[in-house]
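Written out below as structure tokens is the structure these notes cover.
The values are calculated or read from the model by the stated rules, or taken from the named source; none is laboratory data. All values derive from a computational prediction rather than experimental measurement. Every residue, glycine as well, gets a Cβ built from its backbone with ideal geometry; the counts of neighbours run over all protein chains shown. Each accessible area value is taken on the protein alone, full model and side chains, heavy atoms only, with ligands, DNA and RNA left out. Shrake-Rupley method; radii C 1.70, N 1.55, O 1.52, S 1.80 Å.
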Amino acid sequence: MTAWLIENAVGIFTGRSGAGMRTTGSIRVRDGVITAIGALQAEPGETTLDARGCVIYPGLISTHHHLFQSVMKGVKAGLDQPLAGWLRSVPYRLWSKIDEEALAVAARIGLTEMLLSGTTTIADHHYLFSESYRFDPAQVIFEVARSLGIRLVLCRGGATITRRFDNDDFVPMPTETLDHMLKSVEACAQRFHDTSPGSLSQVVLAPTTPTWSIEPGQLKEAIAAARRMKLRLHSHLSESPEYVEFCMAVHGKRPVEWLADHDWLGSDVWFAHLIHLDPNEVRILASTGTGMAHCPQSNCRIGSGIAPADALSRLGGAVSLGVDGAASNESADMISEMHSAWHTHRAVKGPASVSVEDVVHWATAGGARVLGLPKIGTLAPGQQADIAVFTLNEPRHFGMHDPMIAPVTCAGSANLRYLLISGRIVVENGAIPGLDIQRLRSDAIRVVTRLAA
């Protein structure tokens, strides 16, 4: 039996909204579960973890990533391109070079970056499943996640039709029949989908986009299959004005309204980005419980705009944060993402639009809500012990009147004294036990050199 008592912290953010966000005291953990929070004394058999000078957050949750892109950072051809040009210049041009080694290295880079920023759960939207592969991408990604101890939700993507751009200078993105996609997702779920409270692996059906990756007549069949398999649904939506223009021209409705006609809304559905929404679409999302993976860094990097996450949140909607792929967000860590979310809304909507507490809620309890994982995202008795203990020992933290908000407001690289996932220490004093960082760096250089050749 593992028994921890985390004590002496400056304070605790619970992840809950409103007045319940802040508390103080110690946290008792038994067998991976929080059993008590408050004025506690060590009991026989407990090991104490000293959090003196630290602040405690729930483990952070990223609800949208593309781990394979972790070896596609800063590609010059796509650096100053909007979404369509960036897609053509980076992931659509390089995808065919992602072999088993490249995918494993990319996943390890991305998951390492997430762990070292205090992230305990990540949803990876992987949409590269080619008949030419002699390996299973899902297995590769899950194996890397298991070796690091991180909680992984694999959003098994793909397409039944391919999107055409203005040239044929690269290998077309892989496609498959809907029947093949659904059977593959079901097989993946049978292997990896664990619904127990402490599960470290789940599977989601995730066609790349409902607009350009799947036939309109297949939408209802896809969502019905997901619900039959008791899986959630994820996709991209309204990341650029082209989504709205396409849906209005082809379907005569805005994207959210069009998807409502095809049953693609609900508390078991979430979309990445959702930037270009009108007020009625925001209301529809809120009323149906459909979730948003808000990705402000990627959206700013590509120049796509700022999603109305604040408006959706005020209506009680399901808002979470996602770092997106590192090919469009080279700082793919949750500390940077929270800092960006806090800044970008205030820059255009005023200082009262989004608070630090709002951002922390989106990155914790909001993520758990969107992923349908009620036993994570908050710190309370009975919850899984996913706990981030941040040390405030860098000069940027000195002089803070409210140390609790320092990880968000001061940004920079996170300095973790401890990171626990279901009570297991996966980061200690800023390092992942057993991980050879220099070897990972060498692996990354080798893969990037091959991709750039």
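Normalised size of the chain, defined as Cα radius of gyration per 2.2 N^0.38 Å with N residues, equals 0.94. Given their separation in residues at 0.36 nm each and the Cα-Cα distance between them, Ser287 and Arg346 gain 18.7 nm when the chain is fully extended. Legend: distances between Cα atoms for Lys220/Lys253; Lys230/Lys253; Lys230/Lys375; Lys73/Lys97; Lys183/Lys230; pairs beyond 25 Å are Lys230/Lys253. Per atom type, the chain shows carbon and sulfur on 51% of its accessible surface, probed at 1.4 Å. Restricting the range 125-211 to trypsin sites (Lys or Arg not before Pro) that sit in a DSSP loop and have at most 14 other Cβ atoms within 10 Å of their own Cβ leaves Arg134, Arg164. Reported to the nearest whole Å, the Cα centre-to-centre distance from the range 59-137 to the range 335-389 is 23. Dividing the mean sequence gap of close Cα pairs (under 8 Å, 6+ apart) by how many residues the range 135-196 holds gives a relative contact order of 27 percent. Remark: the chain carries 38 Å² of accessible area per residue (probe radius 1.4 Å; ligands, DNA and RNA excluded). Computed on the Cα atoms alone, the convex hull of the range 1-129 gives a volume of 171 cubic angstrom per residue. With a ≥ b ≥ c the root eigenvalues of the C-alpha gyration tensor of the range 234-309, is it rounded (a/c under 1.5), prolate (a/b larger than b/c) or oblate? Because a/c hits 1.5 or more and a/b fails to exceed b/c, the range 234-309 counts as oblate.
Among Asn8, Val105, Thr195, whose Cα projects farthest towards the positive end of the dipole of the chain, with charges put on the beta-carbon of Lys, Arg (+1) and Asp, Glu (-1)? Checking the options against the dipole of the chain, the answer is Asn8.
Dividing the helix sum by the residues of the chain, where each DSSP H run of 4 or more adds -39500 (n - 2.57), gives a mean residue ellipticity at 222 nm of -9500 deg cm²/dmol.
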